[in-house]
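Taking it in order: structure first as structure tokens, then the write-up.
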Amino acid sequence: MVSGGTYGTEEIVHGAGYGRAILILLLTPLLWSLPTAFMIGELSSALPVEGGYYAWVRRGLGNFWGFQEAWLSLVASIFDMAIYPTLFVGYLTQIAPWFREGHRGVMVGLFVVIACAALNLAGIRVVGLTSLWLFFLLSIPFAAIVLLSPLKLGAAVGTPLAPITSTVGLLGGTLIAMWNYMGWDNASTIAKEVERPQRTYPQAMIAAVILVTLTYVVPFFAVYLAGVPASTFAGDGAWAQVAGLIGGSWHGVNWLGFLLVLGGMMSAFGMFNALVMSYSRLPLAMAQDGMLPKVFAKRSAKTRAPWVAIVVCATGWALCLGLGFERLVTLDIILYGASLMLEFVTLVVLRIREPHLKREFRVPGGLPGAILAGVFPLLLLSLALIHGGSETVLGLSGLTFGAVIVIAGFAVYFGSAKLRRRPLGPAIVQSAEVA
């Protein structure tokens with residue numbers, strides 16, 4: 001749910017160059033991912049309940065902010081989830097340019113949405129097994145790049161390449177790195193289906209930060225040593241061209257590039273598939289708490305999948321297909337960042353209000369450490385706000401558009417008050433303590 005391999009990182013190197021890109025990829029997990037992983041580790045070990053971060057914020061800050069947390073996360077998911085079909089199409093057109101014409105790319109993206117929704121309707125076990133095998137398969141091409149690069153040291157220097165332009169600069173590259181390193185709280189929504197969540201989540205978070213960082217940095221360092229120009233990484237799916245420089249051709253075919261394109265498609269498909277499972281549990285949990293209409297709590301009798309939530313969410317994601325990659329990333333970070341800061345505030349509030357709440361894992365440094373954990377993520381989110389002013393959506397700047405969505409969350413909460421039954425606040429407290 002956090003990373004589908006090195007795919008989607010091309011513009012970081014093109015916008016910042018190798019040196020600064022590798023520095024960004026090393027610093028971002030320290031300033032962005034690690035504090036977030038610590039925060040998620042503590043809250044998930046203390047409150048391993050269905051709905052995850054929504055339930056945490058609701059317990060710590062009340063019904064209103066719990067609703068806003070879910071609202072921001074679901075709206076951010078509309079832009080986040082549109083990214084993966086966009087990447088899927090970007091890699092597909094590397095081997096089949098025919099899909100660039102007209103609305104064919106959007107149709108392919110729609111196929112991804114429908115297929116993943118169908119897999120999720122089949123149940124969580126199907127999603128888990130599919131994602132696991134896709135992870136192993138999509139990792140093979142990058143393992144080959146890392147192994148073959150030492151044999152190509154300096155061989156790609158001066159390779160003639162077709163000029164490719166990109167509007168992504170250093171700031172844009174940083175935002176893309178933030179996007180590649182975010183999503184740590186997504187797995188919390190299925191905590192009730194995880195064995196020993198109090199111990200499993202903190203261990204998984206710390207291990208994943210290290211693993212994801214290596215996944216991004218090592219391939220870039222390998223192709224840098226091989227002399228591949230940074231300009232090669234312009235455009236979605238550019239790893240395929242890099243793979244051709246490293247792997248060469250076999251009977252006139254860029255074999256490694258072809259495998260990498262297939263891996264990129266599997267990466268986008270696999271992440272979308274797993275995140276459908278995560279996001280669809282939010283409306284389910286909210287409906288069970290009385291924060292949304294009861295219809296969202298309907299489950300399949302056979303698979304227990306929340307089929308109404310899956311269908312409604314998939315429809316919203318499909319409506320955003322066709323937006324540009326960087327625009328999607330900017331909007332996603334602004335909205336996701338707002339929900340993330342509510343989680344950091346909840347971390348501090350629960351430390352103060354419920355100091356005796358059982359926590360298998362704690363953010364180091366006591367209460368000051370819990371407060372400081374959110375400082376660097378907040379500073380990085382400020383970059384997204386600055387960049388959001390240069391992006392436009394429906395005639396509005398990205399920052400203004402994000403503010404409209406935030407205000408809309410307030411209006412939806414108060415406007416729908418009469419339609420909601422009384423929230424069952426004690427049920428969350430009780431289930432959390434029993435868990």
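Observations on the model:
- Value at 222 nm in deg cm²/dmol, rounded to 500, when DSSP H runs of n ≥ 4 in the chain each add -39,500 (n - 2.57): -22500 deg cm²/dmol
- Angle between the chain longest axis and helix 325-353 axis [Cα atoms, degrees, rounded to 10]: 40
- Note that segment 41-123 presents 30 Å² accessible area per residue, ligands and nucleic acids not counted, probe 1.4 Å.
- Counting only alpha carbon atoms, the long axis of helix 425-434 and the longest principal axis of the chain meet at about 70°.
- Ligands, DNA and RNA left out, the 1.4 Å accessible surface of the chain is 70% carbon and sulfur atoms.
- Computed over the chain: relative contact order in percent, which uses C-alpha pairs under 8 Å that are six or more apart: 34
- Based on Cα contacts under 8 Å between residues 6+ apart, segment 1-153 shows a relative contact order of 17 percent.
- Which labelled figure in [x] 30, 27, 23; [y] 50, 27, 19; [z] 37, 23, 21 is semi-axes √(5λ) of the Cα gyration tensor in Å, once derived from the coordinates: [z]
- Taking N as its residue count, the alpha carbon Rg of segment 164-298 over 2.2 N^0.38 Å: 1.40
- Applied to segment 287-304, the Karplus parametrisation 6.51 cos²θ - 1.76 cosθ + 1.60 on θ = phi - 60° returns per-residue 3J(HN,Hα) values of 5, 5, 8, x, 8, 9, x, 4, 4, 6, 8, 5, 10, 5, 5, 8, 9, 6 Hz, with x for Gly and Pro.
- In order along segment 120-132, phi translates into HN-Hα couplings of 5, 5, 6, x, 5, 5, 4, 4, x, 5, 4, 5, 4 Hz, rounded to whole numbers, per the Karplus curve 6.51 cos²θ - 1.76 cosθ + 1.60 with θ = phi - 60° and x for Gly and Pro.
- Per residue, segment 245-344 exposes 35 Å² of accessible surface when a 1.4 Å probe is rolled over the protein heavy atoms with every protein chain present.
- Dimensionless Rg ratio for segment 14-152, taking C-alpha atoms and the 2.2 N^0.38 Å reference: 1.38
- Applying the Karplus relation 6.51 cos²θ - 1.76 cosθ + 1.60 with θ = phi - 60° to segment 406-413 yields 3J(HN,Hα) values of 4, 5, 4, x, 4, 5, 5, 4 Hz, where x marks Gly and Pro.
- Of interest is the spacing of the C-alpha centroids, which for segment 233-307 and segment 27-95 amounts to 15 Å.
- Other-chain or far-sequence residues with amide H under 5 Å of Gly52's (modelled H): Ala191
- Listed cross-link partners Lys294/Lys358; Lys302/Lys358; Lys192/Lys294 are compared with a 27 Å cut-off, the Cα-Cα value being larger for Lys294/Lys358; Lys302/Lys358.
- Relative to the longest principal axis of the Cα atoms of the chain, the long axis of helix 375-388 lies at roughly 70 degrees.
The values are calculated or read from the model by the stated rules, or taken from the named source; none is laboratory data. Owing to the predicted nature of the structure, the values given are computational and were not obtained by experimental measurement. Protein only, heavy atoms only, side chains kept; ligands, DNA and RNA dropped before computing areas. Shrake-Rupley method; radii C 1.70, N 1.55, O 1.52, S 1.80 Å.
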